[in-house]
Amino acid sequence: MAGTELLFMRDIEANYIRDFQGRVLDRGPNYLVLDRTAFYPDSGGQPSDTGALSFLVPAAMAASLTDASSAQPSFGPGAVIPAGQDASLPGVKEMTVTVKEVRKERQIRHFIEGVVPVSVTAVKGSIDWERRHAHMRMHTAQHIISGIVFDEYHARTVGNQLHADSSRIDFAPIAFTPEMVAYLEAKCNTVFSRAFPVTIYEEDRAELEKRIGLERANLDLLPKSVLRLRIIKVGEIDICPCAGTHVRNTSEIGTMKIQKRESKGKDRERITYNLTV
C-alpha cells in the first residue's frame, strides 16, 4: 500500500496549508489513513494537529450517522457521492468528524470521533489553525533557543516538548545562573524581532556535515542510514535537520518569556518558556 504524502514537508509555504482534499487508503474502527494530509503527526516533541474531516453522503444516509456510538455502517456502492458533487445540491449532505490525534503507527493514522461510512472514499481535511500556528511559533523558537545555548555555552539540547501555551527544553551539560537566563531571554527576543526568513529545503547529509559541526545540528544522533535531510534554516543564524512545522519569518514568533528554570539531574537543566504576540 502506498504511504501518505505529508503536505507540510515540501517547503515553508506548505506549512501554511490549512485545508486539503484526500482519498481514503485504509481505515480502522476509529481512524482513517489518507493518501495525503496536512495534519502533523505526533513526533519529535511536537504534538499532532487536530481538526476535522468532512465528506459527502446522500441526505437519506445522514440521519444514521449522527449516533457516533453506533457501529460503523456499511453502505453499498450506491451510497458513494461522485467526485465534485456539490453539498448544496438536493439529496446531498456534508458530514464532519473530529480529528482528535494523528499518529504514525506504520501508517499515518487520523484518529476520529464520529462515523465515516466505508463507502466514503474522499474527504476534505481542515486543521485547527490556531493550534498549528502556535506549534509552528514554538518550534521555530526552540531551534533558535537551542542554537544560542549551544553557541554561547556549548550545551546540547537533550530533550524537548512543545505545547501551544508553553514549551520546555532540556540542556546538558549546563548550570544556568539567573544572569544567564536573563541574557538568553533578551538575546532570543532580539533575534525574533530582526525578522529573519525561515526556509525549508533538502540537502545531502554529507554536504551539510562539511559546513556545520555534528553536535551543533545533532547530526551525530541521526541514524547513519539517513543520507538525505530536510533542513530548517533561520536566516544565517541557525541550520538544523527537522521534520516539524515552522513559521516563515522570526517576526511571527512574538516575545519569549522564560517561565521557569529547574534542575533535571547532574549538569542537566530545563527551561520552560511561553510566547506572546
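Across HIS139, HIS246, HIS163, mean-square fluctuation computed from a Gaussian network of the chain (C-alpha pairs under 10 Å connected) peaks at HIS163. When the listed pairs LYS210/LYS233; LYS104/LYS210; LYS187/LYS233; LYS187/LYS260; LYS187/LYS257; LYS104/LYS264 are checked against a 23 Å cut-off, the alpha-carbon distance exceeds it for LYS104/LYS210; LYS104/LYS264.
What shape does the stretch 204-277 have by the C-alpha gyration tensor, where a ≥ b ≥ c are the square roots of the eigenvalues, rounded means a/c under 1.5, and otherwise prolate means a/b greater than b/c and oblate the rest?
The shape class here is oblate.
Classify the stretch 116-209 from the C-alpha gyration tensor, please: rounded if a/c falls under 1.5, else prolate or oblate depending on whether a/b exceeds b/c. It comes out prolate by the Cα gyration axes.
Panel order for VAL102, VAL191, by other beta carbons found within 10 Å of each beta carbon, from fewest to most: VAL191, VAL102.
The long axis of helix 178-193 is offset from the longest Cα principal axis of the chain by roughly 60 degrees. Taking 15 Å as the cut-off, the amide N atoms of the stretch 111-134 that come nearer than this to a point 7 Å along the Cα-to-beta-carbon line of TYR16 belong to 129-130, 133-134. With springs connecting C-alpha atoms under 10 Å apart, model the chain as a Gaussian network and identify which of THR245, THR50, THR190 has the largest mean-square fluctuation. Sorting by GNM fluctuation, first place goes to THR190. Only Lys, Arg, Asp and Glu carry charge here, each on its Cβ (+1 for the first two, -1 for the last two); on that basis the chain has a dipole of about 300 debye about its Cα centre. The C-alpha atoms of the chain define a longest principal axis, and helix 129-153 lies at about 20 degrees to it.
If R0 is 35 Å, what FRET efficiency do you get for SER166 and GLU203 from their C-beta distance, rounded to 0.05? It comes to 0.65.
So which aspartates and glutamates pass the test for LYS266, namely a Cα distance under 18 Å, with those fewer than 8 places away in the same chain ruled out? Candidates past the 8-residue exclusion: ASP170.
Using +1 at the Cβ of each Lys and Arg and -1 at the Cβ of each Asp and Glu in the stretch 91-220, identify which of HIS154, VAL118, MET180 lies farthest towards the dipole's positive end. The one lying farthest along the dipole's positive direction is VAL118. Taking a ≥ b ≥ c as the square roots of the Cα gyration tensor eigenvalues, with a/c under 1.5 meaning rounded and otherwise prolate when a/b beats b/c, else oblate, which class fits the stretch 132-276? It comes out oblate by the Cα gyration axes.
Based on the Stokes-Einstein relation at 37 °C and a viscosity of 0.692 mPa s, and on the Kirkwood radius from alpha carbon pairs, the chain is assigned a translational diffusion coefficient of 159 µm²/s.
Any read-out appearing in this document is the output of simple, stated calculations on the displayed coordinates, not a laboratory observation. Note that this is a predicted model, so its numbers are computed, not measured. Note: ideal-geometry Cβ built from the backbone for every residue, glycine included; neighbour counts use all protein chains shown.
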